[in-house]
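Each value in this text was obtained by applying a stated rule to the coordinates, not by laboratory testing. This structure is a prediction, so every number in the text was calculated from the model and none was measured. Glycine also receives a Cβ, built like all others from the backbone with ideal geometry; neighbour counts cover every protein chain displayed.
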Amino acid sequence: MIRVHLLRRFYPHWAAHSGINQYIKYIDPKRFRVEDHAIPEGEENFLPYAWMPAYVKKRLVHRAQHPWTHNNGIYLYKLNDMWAELTGLWKWKTRGFDLMHFLDGEANFCYLPGWVKKYTWLRSPAKAVATFHQPIPILEKWIRTDILKDLQHVSLMGPSQLPLFESFFPSDRISLIPHGIDTQYFKPNEEVRTYEPVIRCVSVGKWQRDYDTIIKVAKALKGEKGIEFHLVNRKLNPAEMPSNVFVHKGISDADLLKLYQSSDVLFLPLFDATANNVLLEGIACGMPIVSNSLESVKYYLPGEEALLSDDSEVDEYIGFLRMLRDDIGERKRRGKLARERALTYSWDKIAQQYEQMYQKIYDTP
């Protein structure tokens with residue numbers, strides 16, 4: 001049995017059925033023992049932190065992100081992440097594990113792989129893999145490339161990330177594993193989707209979303225019947241929205257699912273992306289996608305389940321939405337293709353790819 005020590009960031013805004021950690025449920029327990037450690041963002045888990053003077057706390061946080069010999073820090077790395085790595089070092093020394101997997105490489109990977117390589121006289125070394133989620137322009141600001149040498153393998157979300165990591169790793173040490181989706185939970189419900197000549201366009205989330213373009217499209221269609229926009233975002237002010245825009249804040253998991261299932265189109269212009277939870281939730285619920293033709297979007301949606309604008313043009317988006325409003329048959333056809341595409345990303349299939357990666361790393365000398 002291969003023992004995997006997994007470290008990941010805990011994000012409280014994630015829905016219960018969302019997030020990349022869902023694949024862990026589907027890992028074969030007869031072949032792998034995955035210890036899942038969720039790290040809250042911040043400093044409260046770092047035990048000495050509570051009694052430290054403020055200036056010491058500030059200095060310690062800075063040094064956690066910017067080690068003594070480096071000026072380039074890790075943007076998201078916090079004392080909780082350092083504590084998790086210290087705890088991981090102790091577990092490796094006392095109990096041992098074969099692999100360590102940093103599921104949020106941008107946030108919680110820094111010291112532990114280097115420590116394990118340095119202190120091999122304590123125990124047989126464990127191999128390290130990190131998964132990275134963000135586009136290259138963000139990764140270049142958020143991570144330290146000098147510590148990538150401590151990893152035996154990297155896992156990426158999409159091909160747009162390859163140019164950065166190919167300069168540090170040979171191809172056999174890079175795995176391209178798509179994000180998955182819970183297709184048993186996120187699924188169409190024909191009882192609430194009416195397919196009337198009125199379409200509900202839904203947009204969800206905040207990170208890398210182009211709400212300026214969404215609102216421009218909504219304003220341009222304000223005088224037309226049959227198109228309304230539902231935006232799930234805590235930061236948007238409903239008072240500033242045109243009359244055909246409805247803002248949802250703090251909705252429950254059940255209400256979010258119902259909104260997906262009762263909507264007709266996922267309208268999701270993006271500034272950049274690798275994988276996108278909302279995009280996968282939308283196709284799993286049987287919605288055609290209207291977005292822009294980023295490399296990552298085309299990777300996940302290579303077929304007719306999506307209508308993609310090359311330049312994220314307002315007029316092109318308007319044309320897509322009008323067509324879907326007026327042609328119910330086409331809307332149904334593309335929604336069916338979306339659901340079929342989502343099934344290829346079900347977590348049981350994605351978990352098999354992680355199992356293959358773990359086995360490959362374990363077997364590699």
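Go ahead and run the numbers for FRET between D255 and W207, Cβ-Cβ distance against an R0 of 22 Å, rounding to 0.05. That pair, D255 with W207, gives E of 0.60. The ranking of L89, L343 by Cβ neighbour count inside 10 Å, starting from the fewest, reads L343, L89. With R₀ set to 30 Å, the beta-carbon distance separating K235 from D315 gives a calculated FRET efficiency near 0.65. Its relative contact order, with pairs defined as Cα atoms under 8 Å and 6+ residues apart, puts region 169-284 at 39 percent. For region 199-343, the relative contact order comes to 25 percent (Cα pairs under 8 Å, sequence separation of at least 6). For the chain, relative contact order (Cα pairs under 8 Å, six or more residues apart, normalised by length) works out to 17 percent.
Percent of C-alpha pairs per 10 Å bin in region 199-343, short distances first: 12, 47, 37, 4. Any idea what log10 I(q)/I(0) is at q = 0.09, 0.12, 0.13 Å⁻¹ for the chain, Debye with uniform C-alpha scatterers and no solvent? For the chain at q = 0.09, 0.12, 0.13 Å⁻¹, log10 I(q)/I(0) is -0.57, -0.93, -1.05.
Cα gyration tensor of region 273-358, axes a ≥ b ≥ c as square roots of the eigenvalues: rounded (a/c below 1.5), prolate (a/b > b/c) or oblate? Provide the component values of the computation, followed by the final result.
Details: a/c = 3.32, a/b = 1.69, b/c = 1.96.
In terms of gyration-tensor shape, oblate.
Treating only the Cβ atoms of Lys and Arg (+1) and Asp and Glu (-1) as charged, compute the dipole magnitude of the chain about its Cα centre; round to the nearest 20 debye. Approximately 1320 debye in magnitude.
Projecting the Cα atoms of I328, L256, L268 onto the charge dipole of region 199-343 (Cβ charges, centred on the Cα centre) puts L256 farthest toward the positive pole.
Per-residue Karplus couplings for region 206-218, computed as 6.51 cos²θ - 1.76 cosθ + 1.60 with θ equal to phi - 60°, are listed in order as 10, 5, 6, 7, 9, 6, 4, 5, 4, 5, 4, 5, 4 Hz, Gly and Pro entered as x.
When peptides 116-122, 266-272 are sorted by average Cβ neighbour count within 10 Å, with the highest value leading, the order is 266-272, 116-122. Taking label positions 7 Å along the Cα-Cβ direction at both Y11 and T145, the computed distance is 2.5 nm, reported to one decimal.
Within the chain, the longest run free of exposed loop sites, counting GluC sites (Glu not before Pro) that sit outside DSSP helix and strand states (H, G, I, E, B) and have at most 16 other Cβ atoms within 10 Å, spans 45-165. The sum of -39500 (n - 2.57) across all DSSP H runs of n ≥ 4, divided by the residue count of the chain, sets its helix-only mean residue ellipticity at 222 nm to -10500 deg cm²/dmol.
Each Lys and Arg adds +1 at its Cβ and each Asp and Glu adds -1 at its Cβ; summed about the Cα centre, region 199-343 shows a dipole of about 540 debye. Holding the Cα-Cα limit at 26 Å, pick out from K25/K149; K78/K258; K141/K219; K187/K349; K30/K91; K25/K360 the pairs that are longer than that. The pairs that break the limit, which is 26 Å between Cα atoms, are K25/K149; K78/K258; K141/K219.
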